[in-house]
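The values are calculated or read from the model by the stated rules, or taken from the named source; none is laboratory data. As the structure is a computational prediction, the values presented were derived from the model and not from experiment. So basically every Cβ, Gly included, is an ideal-geometry build from the backbone, and we count neighbours across all protein chains shown.
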2 protein chains.
Amino acid sequence: MPDKLYYKLYYWPTIQGRGEFIRLALEQAGASYTDVARRSERSGMGVPAMLRLMENTINPLPSFAPPFLQAGDVCIGQTANILLFLGPRLNLVPEDEASRLWAHQLQLTIADLVTEVHDTHHPVASGLYYKDQKPEALLRATDFTGARLPKFLDYFESIITSNPHSDTYLIGDKLSYVDLSLFQIIAGLRYAFPKTMKRLSPTYPRLIALHQQVATQPRIARYLASSRRIAFNQQGIFRRYPELDR
Amino acid sequence: MPDKLYYKLYYWPTIQGRGEFIRLALEQAGASYTDVARRSERSGMGVPAMLRLMENTINPLPSFAPPFLQAGDVCIGQTANILLFLGPRLNLVPEDEASRLWAHQLQLTIADLVTEVHDTHHPVASGLYYKDQKPEALLRATDFTGARLPKFLDYFESIITSNPHSDTYLIGDKLSYVDLSLFQIIAGLRYAFPKTMKRLSPTYPRLIALHQQVATQPRIARYLASSRRIAFNQQGIFRRYPELDR
């Protein structure tokens, strides 16, 4: 299933967020795409173009939230679902159904981890600011760095360890979109929780090696050095609040 | 793709939880399945059989958490992924790829809602008891019932409203696994937040009608009346804490 489509990605223009998992797959594949909300409103794009497609009067299959992807006639929402669609088209997942289900299962587990990272700074109300929920965030972050995060990292480390086809990748013998997403997780965790990650890293040699392996893929390296890669910041999912990083 | 497989479902035996979304699909389809962790340890089943399959020394594709499903040679985890696999086999989703992606997108949005319901009683630490996070739970539940829940219900109501093929169902002109899951959401919300749901229900006539339509499907009605349907209780995702329901 070769990639012959032109893609339009819709996501918030100033954060990596969940859109970044899609960007990394498109970049690694060298796919043609437009990051619509980052383009100018004058050109008919920008955030207004994204918000219009979330109205069911305009789009019969509207997404609950960004990111979503237009590919030809279809408009697909939910990060893991977009990757399920893109994986075979970008040659970023093995061909057989069992491998694709397994890749998707891992991607959904990554999605669960992403939600838990987000909730470290927004444990009680996603509509309020962090400063309005700091004591609760400290409780949640303490549980996250002490219990939940090691449980997730143990899991992903063990998946690489028990992959009979590779010492580096999660699935089969070559890089998949799930490896790209796990790279993003490690990069984000290092940004948000540098002390915790310094403490935990020796326990997860394969995850650290995977991060390095992805970062040095030629297309990914070029992307990370380009202006297309939005820097980590304090509006995204991974935020650096030192008081949450013990 | 007719259903010729025999299924083994693995999930915690005393709660509906995320396993219930799978049970409802299997029941509606009249599929043959064993709810393994609810069977006796003496027969080689029960919770120990489930926990063994979560060890990567025994299962090369272990799940991070239940539920997971064995179907022939494959073992599939993540609730929405299991339904992605089962949907066509149980004839509970349209055949074309675009419809299946759309169904899966809606199912993943339901999964997000389920996580938010869970976090109303466990906002800061999933490993602690509710009684150890009551003030934080009140904050989270207030945001949930006041802001997040109406946003989700608005969305799903609008999806039925704008379905050109049906006034009742979410996708196409017949019942899909996503309708079964949304039934479970409405049932659970009514259990956990009866006052909130009494207040909100007049705004969502199509969701209420969908719940009724699913509840009166002959196989679902028999299932709900049987001992196979675990009652809602205070260990599941939907819990009735009156102080969280304003």
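Only one entry in A:ILE186, A:ILE220, A:ILE171 is buried (at least 16 other Cβ atoms within 10 Å of the Cβ), aliphatic (A, V, I, L, M), at pLDDT 95 or above and in contact with a Ser or Thr (Cβ under 7 Å, 6 or more places away or on another chain), namely A:ILE171. Filtering region A:230-246 to residues that are touching a residue at least 60 places away in the same chain (Cβ under 8 Å), touching a helix residue (DSSP H, G or I) at 6+ places or on another chain (Cβ under 9 Å) and surrounded by 13 or more Cβ atoms within 10 Å (Cβ to Cβ) leaves A:ILE230, A:PHE232, A:GLY236, A:ILE237, A:PHE238, A:ARG239, A:TYR241, A:LEU244, A:ASP245, A:ARG246.
Evaluate the following for A:LEU86: is it within 13 Å of another protein chain (Cβ to nearest Cβ) and either assigned to a helix (DSSP H, G or I) or closer than 24 Å to A:ILE237 by Cβ (or both)? Yes, satisfied.
Every condition in (1) over 25 Å from A:LEU84 (Cβ atoms); (2) assigned to a helix (DSSP H, G or I) is met by A:ARG239 except one, and the failing one is (2). Could you list, in sequence order, the residues of region B:66-83 that are at pLDDT 95 or above and facing chain A (nearest Cβ under 8 Å)? Listed by number, the residues that qualify are B:ILE76, B:GLY77, B:GLN78, B:ALA80, B:ASN81. Report whether or not A:ILE82 is of a type in the set (A, V, I, L, M, F, W, C) and in contact with a strand residue (DSSP E or B) (Cβ under 6 Å, 6 or more places away or on another chain). It is true that A:ILE82 is of a type in the set (A, V, I, L, M, F, W, C) and in contact with a strand residue (DSSP E or B) (Cβ under 6 Å, 6 or more places away or on another chain).
For region A:116-133, the count of residues that are closer than 30 Å to A:GLY30 by Cα and assigned to a helix (DSSP H, G or I) is at least one. Among the residues of region B:42-71, those identified as in contact with a strand residue (DSSP E or B) (Cβ under 9 Å, 6 or more places away or on another chain) and assigned to a loop (DSSP other than H, G, I, E, B) are B:MET45, B:LEU53, B:MET54, B:ASN59, B:PRO60, B:LEU61, B:PRO62, B:SER63, B:PHE64, B:ALA65, B:PRO66, B:PRO67. Considering only residues in region A:19-58 that are touching a helix residue (DSSP H, G or I) at 6+ places or on another chain (Cβ under 8 Å) and among the polar types (S, T, N, Q), the one that is farthest from B:SER99 (Cα to Cα) turns out to be A:SER40. Quick one: is A:SER201 modelled with pLDDT of 95 or more, in a helix (DSSP H, G or I), hydroxyl-bearing (Ser, Thr, Tyr) and within 30 Å of A:GLU97 (Cα to Cα)? For A:SER201, the condition - modelled with pLDDT of 95 or more, in a helix (DSSP H, G or I), hydroxyl-bearing (Ser, Thr, Tyr) and within 30 Å of A:GLU97 (Cα to Cα) - is not met.
For every residue, the table says whether it meets (1) without any contact (Cβ under 8 Å) to a residue 60 or more places away in the chain; (2) of a type in the set (D, E, K, R); (3) surrounded by fewer than 16 Cβ atoms within 10 Å (Cβ to Cβ); (4) within 20 Å of B:ARG219 (Cβ to Cβ).
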site	(1), (2), (3), (4)
B:LEU9	no, no, no, yes
B:ILE15	no, no, no, no
B:GLU27	no, yes, no, yes
B:ALA37	yes, no, no, no
B:GLU41	yes, yes, yes, no
B:MET45	yes, no, no, no
B:PRO60	yes, no, yes, no
B:SER63	yes, no, no, no
B:LEU69	no, no, no, yes
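Here B:GLU95 passes the criteria (1) free of Cβ contacts under 8 Å to residues at least 40 places away in the same chain; (2) of a type outside the set (S, T, N, Q); (3) over 21 Å from A:ILE76 (Cβ atoms); (4) more than 10 Å from chain A (Cβ to nearest Cβ) except the one numbered (3). Residue count for region A:141-193 under the criterion of being closer than 30 Å to A:ALA31 by Cα, within 11 Å of chain B (Cβ to nearest Cβ) and assigned to a helix (DSSP H, G or I): the result is 4.
Considered as a group, the residues in region B:104-140 that are out of contact with any helix residue (DSSP H, G or I) (no Cβ under 9 Å at 6 or more places or on another chain) and more than 23 Å from B:ALA80 (Cβ to Cβ) include one that is nearest to the other protein chains (Cβ to nearest Cβ), and that residue is B:ASP132. Answer yes or no: is there a residue in region B:192-207 that is under 30 Å from A:GLN133 (Cα atoms), aliphatic (A, V, I, L, M) and more than 17 Å from the chain's Cα centre (by Cα). Looking for residues that are under 30 Å from A:GLN133 (Cα atoms), aliphatic (A, V, I, L, M) and more than 17 Å from the chain's Cα centre (by Cα), one finds at least one in region B:192-207, hence yes. Might you check whether a residue that is of a type outside the set (Lys, Arg), over 15 Å from B:LEU189 (Cβ atoms) and touching a residue at least 24 places away in the same chain (Cβ under 8 Å) occurs anywhere in region B:118-129? Among the residues of region B:118-129, not one is of a type outside the set (Lys, Arg), over 15 Å from B:LEU189 (Cβ atoms) and touching a residue at least 24 places away in the same chain (Cβ under 8 Å), which makes the answer no.
Does B:LEU244 qualify as being farther than 23 Å from B:PRO66 by Cα, in the same structural domain as B:TYR130 (by TED's automatic domain parsing) and modelled with pLDDT of 95 or more? No, not satisfied. Within region B:44-65, track down each residue that is among the polar types (S, T, N, Q) and at pLDDT below 95. B:ASN56, B:THR57, B:ASN59 - these are the residues of region B:44-65 that are among the polar types (S, T, N, Q) and at pLDDT below 95.
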